[in-house]
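Data block below; observations after.
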Amino acid sequence: FLYQYFGLNFQVKVDNWVNGVAGETYTGVTARFGAILPLEVDKSVKLSAIVANPLTCCSTPSTKLSNSIALVARGDCSFEAKANLAQSNGAKALLVINDDEGTIEMGCDDDTPATNITIPIVMVPKSTGESFRKALQEGHKVEIGLWAPDRPVVSFSVAFLWLMAVSTVATASLWPEIAKTKDSEPRYDDFSPKSASDGATSKENTEEIINIDVKSAIIFVISASTFLVLLFFFMSSWFVWLLIVLFCIGGVEGMHTLIVTLISRGCTCQKKVTLPYFGETTIVSLIVLIFCLAFAIAWAITRKASFSWIGQDVLGICLMISILQVARLPNIKVATVLLCCAFVYDIFWVFLSPIIFHQSVMIAVAKGNNSGGESIPMLLRFPRLTDPWGGYDMIGFGDILFPGLLVGFSLRFDKENKKSWAGLFFTYLGLYLMHGHGQPALLYLVPCTLGVCVVLGLIRGELKDLWNHGSSSTPAASLGGA
């Protein structure tokens with residue numbers, strides 16, 4: 001119904017067999033007119049392919065197209081004209097070869113469905129069509145099968161991706177409690193050089209907390225925009241490789257800190273060794289560091305493998321938990337500035353940037369245009385296991401870190417004021433209400449997290465305290481929590 005009466009384009013699976021041997025499955029798109037393709041592979045339109053003569057099929061073909069899939073190239077005539085000529089000469093389907101690596105919308109001249117055309121019309125990229133033409137020119141028999149499977153209504157991969165994102169925020173928010181040792185002594189990096197102090201270093205100094213203020217929030221978003229534009233104009237494989245190296249360094253540091261912290265809770269073994277530059281460190285810390293480095297290097301080597309998403313997600317989660325332990329929001333005022341700036345940032349670079357740059361800057365960077373096949377690793381991804389089209393569902397680090405900062409503040413505020421964890425619960429509820437599907441996630445996350453916190457603050461009569469928390473009477477160091 002949608003296909004015929006609303007003229008929608010759908011992706012098509014293009015199977016092929018050369019002399020009976022199955023080849024790679026390609027992807028094409030249907031025209032906004034013509035027959036509907038079957039949903040199941042066993043009902044696919046499978047016919048022998050014949051190259052039309054003339055190739056553009058803008059005049060009556062001299063080749064016999066009976067009971068075949070006609071291969072034609074884009075030319076001076078309309079797609080509707082090509083389909084009419086191919087159908088009148090007996091073709092059972094039309095495969096249009098585009099003149100570049102991509103596909104375009106194939107509509108009718110007057111934008112109304114061509115009800116007289118009863119064969120399916122599909123467009124494929126230039127390389128796909130040329131591979132079929134080459135095989136036919138070499139005298140091989142080429143058969144092509146066309147079918148258009150639906151995407152599942154419910155994607156279980158989205159649920160797993162959501163679970164990873166929320167678990168990351170929850171772990172980061174509760175980490176001070178998780179990592180607390182029996183004697184309640186704060187743990188800091190065992191692999192860092194030890195200072196010459198007498199051990200009386202305050203908790204505030206050892207935790208190295210960075211409280212974000214209004215100025216730094218605005219500067220951060222401006223810097224992120226500048227970096228995004230640089231990526232857009234100067235995207236290349238070496239640029240992506242630089243990001244991969246930085247990602248690995250951050251992931252290794254985060255993973256090392258988390259593992260050593262957990263081991264230190266239940267292990268009293270503190271044998272130490274002295275290393276050049278690093279100074280004195282525990283053997284456990286050294287072993288964990290070697291493991292983390294090996295893990296990151298293994299992921300970098302196999303980053304294009306089908307299972308590489310596992311290593312990328314592990315490193316990314318460790319990196320984000322580490323960031324959320326260092327960076328903190330002091331109050332709702334700063335949270336409002338940061339999240340509202342991020343809200344505008346996401347909407348502008350996805351929806352409004354095409355007005356200036358003629359394409360969506362955010363989408364172009366996410367796709368890795370001009371990156372030599374490399375992809376930016378700063379996101380979590382999960383394979384679409386139940387989707388016949390495959391691919392991954394993804395969410396960027398910023399879409400987790402920005403709400404994560406707010407969740408962390410909500411927990412510390414409620415704990416400091418001896419309240420229930422309602423703020424944390426409702427903020428998680430806001431996270432649950434997020435629906436991205438390739439759109440700017442912060443468009444949904446900001447209203448559902450910041451909005452929930454503000455409304456809850458109004459209901460509990462705490463909005464003034466939330467807004468000014470830590471700005472005057474309450475010292476910033478008190479936000480360190482436990």
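The values are calculated or read from the model by the stated rules, or taken from the named source; none is laboratory data. Note that the coordinates shown come from a computational prediction; the quantities given were computed from them, not determined experimentally. Glycine gets a Cβ as well: all are built from the backbone with ideal geometry, and neighbour counts include every protein chain shown. Quick note on the areas: whole protein, heavy atoms, side chains included, nothing else; ligands and nucleic acids left out. Shrake-Rupley method; radii C 1.70, N 1.55, O 1.52, S 1.80 Å.
Data overview
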quantity: Test for Phe132: is it closer than 20 Å to Thr63 by Cβ and out of contact with any Lys or Arg (no Cβ under 6 Å at 6 or more places or on another chain); calculated: yes
quantity: Any hit, segment 130-146, residues being touching a Phe, Trp or Tyr at 6+ places or on another chain (Cβ under 6 Å), within 19 Å of Gly34 (Cβ to Cβ) and open to solvent by less than 40 Å² (accessible area, probe 1.4 Å); calculated: no
quantity: Some residue of segment 82-90 being among the basic types (Lys, Arg), within 12 Å of Ala70 (Cβ to Cβ) and outside any helix (DSSP H, G or I); calculated: no
quantity: Test: residue in segment 220-231 that is within 30 Å of Asn468 (Cβ to Cβ), of a type in the set (Val, Ile, Thr) and either in a helix (DSSP H, G or I) or modelled with pLDDT under 85 (or both); calculated: yes
quantity: All positions within segment 232-251 that are modelled with pLDDT of 85 or more and either open to solvent by 50 Å² or more (accessible area, probe 1.4 Å) or touching a Ser or Thr at 6+ places or on another chain (Cβ under 8 Å) (or both); calculated: Trp241, Leu242, Val245, Leu246, Ile249, Gly250
quantity: Condition check for Val344: in contact with a Lys or Arg (Cβ under 9 Å, 6 or more places away or on another chain), open to solvent by 20 Å² or more (accessible area, probe 1.4 Å) and part of a helix (DSSP H, G or I); calculated: no
quantity: Inter-residue pairs, beta-carbon under 7 Å, first over 27 Å from Phe413 (Cα atoms) and in segment 333-348, second open to solvent by 40 Å² or more (accessible area, probe 1.4 Å) and modelled with pLDDT under 90, 6+ apart; calculated: Asp346/Leu443; Ile347/Leu443
quantity: Cβ pairs under 6 Å, 6+ apart, first in segment 401-416 and free of Cβ contacts under 8 Å to residues at least 40 places away in the same chain, second outside any helix (DSSP H, G or I) and of a type outside the set (Gly, Ala, Ser); calculated: Asp414/Trp421
quantity: Unique residue being surrounded by 20 or more Cβ atoms within 10 Å (Cβ to Cβ), at pLDDT below 80, assigned to a helix (DSSP H, G or I) and of a type in the set (A, V, I, L, M) when the list is Leu339, Leu431, Leu405; calculated: Leu431
quantity: Of residues in segment 162-203 being among the charged types (D, E, K, R) and touching a Pro at 6+ places or on another chain (Cβ under 9 Å), the one modelled with the highest pLDDT; calculated: Lys180
quantity: Residue within segment 314-331 that is of a type in the set (A, V, I, L, M, F, W, C), open to solvent by 20 Å² or more (accessible area, probe 1.4 Å), more than 25 Å from Val166 (Cβ to Cβ) and at pLDDT 85 or above present; calculated: no
quantity: Verdict on Ser78 being open to solvent by 20 Å² or more (accessible area, probe 1.4 Å), under 14 Å from Asn116 (Cα atoms) and hydroxyl-bearing (Ser, Thr, Tyr); calculated: no
quantity: Selection count where residues are open to solvent by less than 40 Å² (accessible area, probe 1.4 Å), out of contact with any Cys (no Cβ under 9 Å at 6 or more places or on another chain) and under 24 Å from Ser78 (Cα atoms), scope segment 23-44; calculated: 6
quantity: Number of the condition not met by Leu258 [criteria: (1) part of a loop (DSSP other than H, G, I, E, B); (2) within 21 Å of Ala179 (Cα to Cα); (3) touching a residue at least 60 places away in the same chain (Cβ under 8 Å)]; calculated: (1)
quantity: Any hit, segment 129-152, residues being in contact (Cβ under 8 Å) with a residue 24 or more places away in the chain, assigned to a helix (DSSP H, G or I) and under 30 Å from Ala327 (Cβ atoms); calculated: no
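One line per residue, one yes/no per condition, for (1) surrounded by fewer than 17 Cβ atoms within 10 Å (Cβ to Cβ); (2) over 24 Å from Glu374 (Cα atoms); (3) touching a helix residue (DSSP H, G or I) at 6+ places or on another chain (Cβ under 6 Å); (4) among the hydrophobic types (A, V, I, L, M, F, W, C):
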{"residue": "Ile259", "(1), (2), (3), (4)": "no, yes, yes, yes"}
{"residue": "Tyr277", "(1), (2), (3), (4)": "yes, yes, no, no"}
{"residue": "Ile287", "(1), (2), (3), (4)": "yes, yes, no, yes"}
{"residue": "Phe295", "(1), (2), (3), (4)": "no, no, no, yes"}
{"residue": "Thr302", "(1), (2), (3), (4)": "yes, no, yes, no"}
{"residue": "Ser306", "(1), (2), (3), (4)": "yes, no, no, no"}
{"residue": "Trp309", "(1), (2), (3), (4)": "no, no, no, yes"}
